[in-house]
Amino acid sequence: MNFPFYIARRYLFSKKSTNAINVISGISVLGVAVATMALVVTLSVFNGFSDLVATFFTAFDPQIKVVPVEGKTAPADDPILTEIKSMPEVYVATECVEDQAMAVYNGRQAMIHLKGVEDNFDSLTHIREILQGDGAYELHLADVHYGIPGRHLIDALGMGYYYPMPLKIYAPRREGQLDMSDPTDGFIEDMLFSPGVVFEVQQSKYDRNYVLTSISFARRLFDQQGMISSLELRLKQGCDFEAVKERMKAVAGDKYRVMDRYEQQDDTFRIMKIEKLIAYIFLTFILMVACFNIIGSLSMLIIDKKDDVVTLRNLGASDHQITQIFLFEGRLISAIGAILGIAVGLLLCWIQQTYGIISLGSSEGSFVINAYPVSVHPLDVVIIFFTVLAVGFLSVWYPVRYFSRRLLS
């Protein structure tokens, strides 16, 4: 066994001549453990919210979305898109046309995001699982086109799950000059009818703004015949998602972007990552404060063991080895605190996952979930462990060398 480590271990667990040293050492371990536990729990809660948001998006967002790099639309018969659609791993491919429009119903109006899709959109996503109402999922019937609005949009427009009057949709004309004497001439007007259902993704981005309809209606309204805004794909089960995505990127080149679900919601998840990083940084500063207890404990230990230092030098121990003893002492305190903190943090996360001890609101059903979501990511645990060790090691390096030099001189 390493000689300095052996002595440091004996010093840590043996009784000292002054009981206060034992107390301060215990407080040092406890402080590091509490800070480590806070890191584990806090980062796991951020992971829980991130995973929860991801589950909401999967009901509406496609598995892969291909969009043009320049402009809003691209030709539907582009050979690049045709090659991507014909890949053997593609299970469902849906052409989409979407843009901003204005919806008017019974005197109320709202800016909306109109999304026109093909009839196989329900096979592409889990749209049927988030529908509400007594009607059925339909986009069109002969020449009648249906509009499926978001749950919060019907409240803004004063509509119900079934709206008896048609929903008027306005979009600006793409060509021609605007006649200022008749501003309404600058808009294309069309109507959508109710299939008796609305969707609820439980994300305001969709529930407050989106209306789902047929792609033929959207192409006619936006004057985008033969064009698409995006190509949305679902892959076959069991295929290598990342490998297929990279192949699609190679085919798309610099003309199209190939995005998975997380990249489609890049803004949302980037904000959550930044919040998580800020929490990690602040808790690391708290950990650094907790490590000052280790410095106090080591300072008292060095003073307490000055007679032992003389004995060790007489037995042939070098000054470097004696300094290493106290460095190992600080590192052991950090390591023990890290292990205890991670263990307690993981236990608290398991309790929250299983029993939901800490709720989000006083009344059940006020939120999408009733308790704080928790998701433990192994990579986070590894990062926390090495962060605690690094902070602990660095915090004791200079003080131990300083006090050791004073003692050895």
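The values are calculated or read from the model by the stated rules, or taken from the named source; none is laboratory data. As the structure is a prediction and not an experimental result, all values here were calculated from the model. Here the Cβ positions follow ideal geometry from the backbone for every residue, glycine too, while neighbour counts run over all protein chains shown. Ligands, DNA and RNA are excluded from the accessible area calculation, which covers all protein heavy atoms including side chains. Shrake-Rupley method; radii C 1.70, N 1.55, O 1.52, S 1.80 Å.
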Filtering the stretch 133-157 down to residues that are in contact (Cβ under 8 Å) with a residue 60 or more places away in the chain, open to solvent by 50 Å² or more (accessible area, probe 1.4 Å) and in a strand (DSSP E or B) yields His140
Looking across the stretch 158-169 at residues that are open to solvent by 50 Å² or more (accessible area, probe 1.4 Å) and in contact (Cβ under 8 Å) with a residue 60 or more places away in the chain, the single one that is farthest from His113 (Cα to Cα) is Met165
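Here's the yes/no breakdown for (1) of a type outside the set (A, V, I, L, M); (2) under 24 Å from Arg220 (Cα atoms); (3) modelled with pLDDT of 90 or more:
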{"residue": "Gly116", "(1), (2), (3)": "yes, yes, yes"}
{"residue": "Arg128", "(1), (2), (3)": "yes, no, yes"}
{"residue": "Gly135", "(1), (2), (3)": "yes, no, yes"}
{"residue": "Gly150", "(1), (2), (3)": "yes, yes, yes"}
{"residue": "Gly158", "(1), (2), (3)": "yes, no, yes"}
{"residue": "Met165", "(1), (2), (3)": "no, yes, yes"}
{"residue": "Lys168", "(1), (2), (3)": "yes, yes, yes"}
{"residue": "Pro172", "(1), (2), (3)": "yes, yes, no"}
Residue in the stretch 363-386 that is at pLDDT below 90 and over 24 Å from the mean Cα position of the chain (by Cα) present: yes
Subset of the stretch 62-118 (residues that are in a loop (DSSP other than H, G, I, E, B) and surrounded by 14 or more Cβ atoms within 10 Å (Cβ to Cβ)): Pro62, Gln63, Lys72, Thr73, Ala76, Asp78, Met87, Glu89, Glu118
When every residue in the stretch 391-405 that is at pLDDT below 75 and open to solvent by 30 Å² or more (accessible area, probe 1.4 Å) is compared, the one farthest from Ala335 (Cα to Cα) is Arg405
Any chance the stretch 317-324 includes a residue that's of a type in the set (Val, Ile, Thr), in a helix (DSSP H, G or I) and surrounded by fewer than 16 Cβ atoms within 10 Å (Cβ to Cβ)? no
Is at least one residue of the stretch 213-223 open to solvent by 20 Å² or more (accessible area, probe 1.4 Å) and among the polar types (S, T, N, Q)? yes
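Here's the yes/no breakdown for (1) touching a residue at least 40 places away in the same chain (Cβ under 8 Å); (2) under 28 Å from Asp207 (Cβ atoms); (3) of a type in the set (Gly, Ala, Ser):
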| residue | (1), (2), (3) |
| --- | --- |
| Tyr6 | no, no, no |
| Arg9 | yes, no, no |
| Phe46 | yes, yes, no |
| Ala59 | yes, yes, yes |
| Asp77 | yes, no, no |
| Val92 | yes, yes, no |
| Val97 | yes, yes, no |
Contact list please: Cβ distance under 6 Å, first residue in the stretch 313-339 and at positive phi and among the acidic types (Asp, Glu), second residue modelled with pLDDT of 80 or more and surrounded by 16 or more Cβ atoms within 10 Å (Cβ to Cβ), pairs at least six apart or on different chains. none
Among the residues of the stretch 252-305, which ones are of a type in the set (Ser, Thr, Tyr) and closer than 30 Å to Lys85 by Cα? Tyr256, Tyr262, Thr268
Just one of the numbered conditions (1) within 30 Å of Thr58 (Cα to Cα); (2) open to solvent by less than 80 Å² (accessible area, probe 1.4 Å); (3) at pLDDT below 90; (4) not polar (S, T, N, Q) is not true of Lys276; which one? (3)
Quick check on Ser17: is it modelled with pLDDT under 95 and surrounded by 19 or more Cβ atoms within 10 Å (Cβ to Cβ)? no
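Residues are listed down the side, and each one gets a yes or a no for (1) under 24 Å from Thr94 (Cβ atoms); (2) modelled with pLDDT under 95; (3) in contact with a strand residue (DSSP E or B) (Cβ under 8 Å, 6 or more places away or on another chain); (4) assigned to a loop (DSSP other than H, G, I, E, B):
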position	(1), (2), (3), (4)
Met180	no, yes, no, yes
Thr184	no, yes, no, no
Glu189	no, yes, yes, no
Leu192	yes, no, yes, no
Gln202	yes, yes, no, yes
Tyr206	yes, yes, yes, no
Thr213	yes, no, yes, no
Ala218	yes, no, yes, no
Gln225	yes, yes, no, yes
